[in-house]
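Working notes, beginning with the structure itself.
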Amino acid sequence: MRRLPTLLLAGLALAACRHGLPYRADGRAELADLHARYRELAGRHGWIEETVFAYPQGERILAWRTKQEGEALWLIAGIHGEEPAGPNAVARSVDRLAELAAAGVPVVLLPLCNPRGYAANWRYPNTSQRDWRKGGYSVGDAEHLLPDPKDPARARTPRPPGPETAALTTFALGLAQRYPPRLALDLHEDELSTEGGYLYSQGARGKDDPAAREVIAALRGSEIPLRLSGKTRFGEPIVDGVVGLDEQGAPIQDGSIDELLAAREVIAGGVRAAGPGSPSVIVVETPAFAGSRLESRVDAHRRVLDRLGELWRLSRN
Ligand SMILES: [Zn+2]
């Protein structure tokens, strides 16, 4: 078949998405329906809604938070657009979040960080290419704020890779001053894992984080398979379902918003500053290989969210 120019292909893909196909072929909810569910937190429960970033084309990255400030639970989802289980599970767990807030837990919610990617089933906001070496960047990339291990006085990169990335990481860093993360959960999927789900524990508690064990216990109740041992495709060892160290045995440095929330030190405006330093940062990865059922994966994430109260208790010092 003759190859169409890339721009034309991208235009066709976007046009198709706007008509409900093909991004919803896996059964994921429409973007507008997800936002309507999240908005209940503001409409019915008095949470504060904020726009983190607005694209010129109209899509917006939105955040919700409780009025109550202080040590907080951070819940992030939808960083990668081809990983829909997290944002869908959060939409179905709005009541659970409202209950937690009513019990006095400050919460910061970023449930759909990559709305463009979600609506195109693209991993990154700027390209359909999944391979990051082909120009894609993640909306959660934080290397411009994270110290370079070789020279901790400098950031790893001079600037953020994209405007939404700049907005999201700046927003997170600013809000972490008033809502310091005590427990951060970031819901992902791994469509290249054919063997099962696992999680990363990136806070100071690392592989020994009791909250990580609790998340694995929650996932065990679902029908998704789990990888309890072996190695990730990056060579990181999996111990009882938890990845707490990289292939060299060092803390995981992936340059993500998760590392940012765990960081004790950041480079803000070119200057070293105290970081959010969350003791518990857990990144859930459900297996999203072709043929896996979205409903099963959403159910797995929901089971984790059902235990938020217990996870919050476990994250106490
Ligand atoms: Zn992901």
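Would region 228-240 turn up any residue that is among the acidic types (Asp, Glu) and either surrounded by 21 or more Cβ atoms within 10 Å (Cβ to Cβ) or farther than 29 Å from Asp306 by Cα (or both)?
Within region 228-240, not a single residue is among the acidic types (Asp, Glu) and either surrounded by 21 or more Cβ atoms within 10 Å (Cβ to Cβ) or farther than 29 Å from Asp306 by Cα (or both).
Those residues that are under 23 Å from Leu260 (Cβ atoms) and more than 13 Å from the ligand (Cβ to nearest atom), I need them from region 113-124; list them, please.
Residues satisfying the conditions are Pro115, Arg116.
Looking at Ala211, Ala167 in this structure, which one is within 11 Å of Val242 (Cβ to Cβ), at pLDDT 95 or above, more than 16 Å from the ligand (Cβ to nearest atom) and not charged (D, E, K, R)?
One residue alone meets the criteria, Ala211.
Identify, from the list Ile76, Ile48, Ile61, the residue that is more than 21 Å from Arg297 (Cβ to Cβ), touching a Cys at 6+ places or on another chain (Cβ under 7 Å) and at pLDDT 95 or above.
From the options Ile76, Ile48, Ile61, the qualifying one is Ile61.
I'd like the full set of residues that are surrounded by 16 or more Cβ atoms within 10 Å (Cβ to Cβ), over 19 Å from the mean Cα position of the chain (by Cα) and of a type in the set (A, V, I, L, M, F, W, C), limited to region 199-224.
The one that is surrounded by 16 or more Cβ atoms within 10 Å (Cβ to Cβ), over 19 Å from the mean Cα position of the chain (by Cα) and of a type in the set (A, V, I, L, M, F, W, C): Ile224.
For the subset of region 238-292 comprising residues that are among the polar types (S, T, N, Q) and assigned to a strand (DSSP E or B), which member is farthest from the ligand (Cβ to nearest atom)?
Ser280
Can you name the residue in region 293-315 that is part of a loop (DSSP other than H, G, I, E, B) and touching a residue at least 60 places away in the same chain (Cβ under 8 Å) and, of all such residues, is surrounded by the most Cβ atoms within 10 Å (Cβ to Cβ)?
If we take residues in region 293-315 being part of a loop (DSSP other than H, G, I, E, B) and touching a residue at least 60 places away in the same chain (Cβ under 8 Å), then Ser315 is surrounded by the most Cβ atoms within 10 Å (Cβ to Cβ).
For region 118-136, give me each residue that is touching a Ser or Thr at 6+ places or on another chain (Cβ under 9 Å) and either under 20 Å from Trp74 (Cβ atoms) or not in a loop (DSSP other than H, G, I, E, B) (or both).
Ala120, Trp132, Lys134
Looking at Gly196, Gly140, which one is within 25 Å of Ile238 (Cα to Cα), over 18 Å from the mean Cα position of the chain (by Cα) and within 16 Å of the ligand (Cβ to nearest atom)?
Gly196 is the lone residue from the list that is within 25 Å of Ile238 (Cα to Cα), over 18 Å from the mean Cα position of the chain (by Cα) and within 16 Å of the ligand (Cβ to nearest atom).
Restricting attention to region 31-44, does a residue exist that is within 16 Å of the ligand (Cβ to nearest atom) and either at pLDDT 95 or above or assigned to a helix (DSSP H, G or I) (or both)?
Within region 31-44, none of the residues are within 16 Å of the ligand (Cβ to nearest atom) and either at pLDDT 95 or above or assigned to a helix (DSSP H, G or I) (or both).
Any idea which of (1) among the small types (Gly, Ala, Ser); (2) within 16 Å of the ligand (Cβ to nearest atom); (3) in contact with an Asp or Glu (Cβ under 8 Å, 6 or more places away or on another chain); (4) part of a loop (DSSP other than H, G, I, E, B) is the one Gly203 doesn't satisfy?
(2)
Just checking, which of Pro149, Pro160 is touching a residue at least 24 places away in the same chain (Cβ under 8 Å) and more than 16 Å from the ligand (Cβ to nearest atom)?
Every option except Pro149 fails the conditions.
Can you name the residue in region 177-193 that is within 14 Å of the ligand (Cβ to nearest atom) and outside any strand (DSSP E or B) and, of all such residues, is surrounded by the most Cβ atoms within 10 Å (Cβ to Cβ)?
Selected residue: Ser193.
Using beta carbons and a limit of 6 Å, which pairs, at least six apart or on different chains, have the first residue in region 208-233 and assigned to a loop (DSSP other than H, G, I, E, B) and the second one charged (D, E, K, R) and at pLDDT below 95?
Close Cβ pairs satisfying both conditions: Arg227/Glu195.
Hey, Ala273 hits all of (1) buried (at least 22 other Cβ atoms within 10 Å of the Cβ); (2) farther than 16 Å from Ala212 by Cβ but one; which does it fall short on?
Going through the list (1) buried (at least 22 other Cβ atoms within 10 Å of the Cβ); (2) farther than 16 Å from Ala212 by Cβ, Ala273 breaks only (1).
The values are calculated or read from the model by the stated rules, or taken from the named source; none is laboratory data. What you see is a predicted model; the values in this text were computed from it and never measured. Positions of Cβ are generated from backbone atoms using ideal geometry, with glycine treated the same way; all protein chains shown enter the neighbour counts.
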